[in-house]
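The values are calculated or read from the model by the stated rules, or taken from the named source; none is laboratory data. Source: prediction; values computed, not measured. FYI the Cβ positions are ideal-geometry reconstructions off the backbone, even for glycines, and counts take in every protein chain you see. Areas reflect the complete protein model, heavy atoms only, side chains present, ligands, DNA and RNA absent. Shrake-Rupley method; radii C 1.70, N 1.55, O 1.52, S 1.80 Å.
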Amino acid sequence: MKKTSLFFTAIAIASVSFFASCSKDGAAGATGPQGAQGTQGVAGATGPTGPSNIVDSNFTVTTWTNSGPYYDVTISDPQITATIISKGVVVIAWSANGGTSWDGLPWTSENPTGYELNYQTNLGTVAFYWSGGSPASLGITTSTFRIECIPASIIAKHPNTNWNDYSQVKAIQNGMRSSN
């Protein structure tokens, strides 16, 4: 057993000495010929197409129709296309003070009673519904609406955006304006 152990120890020392004495001391050899082109990879998914900017429109309303349990008004907006409805997002903000401040819709106020302002989008139109009393009962004679049409391409570029949060939509739109 001692002979075997001594034999392996001698081989280990010889191996270390042999490999330690090898070193790279010569110049690099010539470059080999170019290899053949590899096969074409699989094409990636097609991204969303269509408009690449958020389009907004402002509308002012001074007259509402009393339709029984609510007051309503419908506005035409050609920016609300079939593509926006099916693949994009429509975000609407409302101002009761001429655009000084904006609230995202739907809007609810519990003071002094339960007021609600909601909307429904259709191809080329938006219908607004005010419930809980008339806008005038809150002292609101003029309402300004900002309709933001957000195409699928913008949604894809900002996957972590809460599109129901008007402040996030506005931040993206302001960023797009400053980069143009």
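Observations
- In this calculation the C-beta distance from N160 to T65 is compared with R0 = 25 Å, giving a FRET efficiency of 0.05.
- Stretchable slack from S137 to S167, in nm (0.36 nm times residue separation minus alpha-carbon distance): 8.0 nm
- Accessible carbon and sulfur surface of the range 58-115 relative to its total accessible area, %, 1.4 Å: 48 percent
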